[in-house]
């Protein structure tokens, strides 16, 4: 199940008070070696010390075609999934990196995390391996 970040929850509260929640022109997927939690914990995103060429990947534009339309899911909620293949650069580090979660950010570096979710299974990215998220593999669920 996906979780909204503290940033998004606060922005939604302010939205109810009339403060616009601006939609960024693009969103970026980050990979994590542990749960970033709603607080976007520093240190959980894959480090360039372990994977030097790592960088967040754009979901694609326009945003309306970057994600599938929301559909019912088995647990009684709604879900969307990535509509495009996202290819991260090959792991050019000396060791393996175990990816457990992904998150959605409004910037390629820095910025605000909007949501996060666990991968279906932990993925070990060995040196020279590429992490590729095929369409439908990154799932956000609301319940």
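The values are calculated or read from the model by the stated rules, or taken from the named source; none is laboratory data. Remember, it's a predicted structure, so these values are computed and weren't measured experimentally. Here the Cβ positions follow ideal geometry from the backbone for every residue, glycine too, while neighbour counts run over all protein chains shown.
Here is how the numbers come out for the structure above:
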| read-out | value |
| --- | --- |
| Residue within the stretch 6-16 that is out of contact with any helix residue (DSSP H, G or I) (no Cβ under 7 Å at 6 or more places or on another chain), assigned to a loop (DSSP other than H, G, I, E, B) and touching a residue at least 40 places away in the same chain (Cβ under 8 Å) present | no |
| Yes/no for residue 103 being under 14 Å from residue 33 (Cα atoms) and at pLDDT 95 or above | yes |
| Failed item in (1) surrounded by 14 or more Cβ atoms within 10 Å (Cβ to Cβ); (2) closer than 23 Å to residue 33 by Cα; (3) more than 10 Å from the chain's Cα centre (by Cα), with residue 114 passing the rest | (3) |
| Boolean, residue 64 is under 19 Å from residue 127 (Cβ atoms), more than 12 Å from the chain's Cα centre (by Cα) and not in a strand (DSSP E or B) | no |
| Hey, residue 34 closer than 24 Å to residue 123 by Cβ, out of contact with any helix residue (DSSP H, G or I) (no Cβ under 6 Å at 6 or more places or on another chain), in contact (Cβ under 8 Å) with a residue 60 or more places away in the chain and surrounded by 13 or more Cβ atoms within 10 Å (Cβ to Cβ) or not | yes |
| Selection count, the stretch 71-98, where residues are surrounded by 12 or more Cβ atoms within 10 Å (Cβ to Cβ), assigned to a loop (DSSP other than H, G, I, E, B) and in contact (Cβ under 8 Å) with a residue 60 or more places away in the chain | 2 |
| In the stretch 99-133, residue farthest from residue 53 (Cα to Cα) [restricted to those that are without any contact (Cβ under 8 Å) to a residue 60 or more places away in the chain and assigned to a loop (DSSP other than H, G, I, E, B)] | 110 |
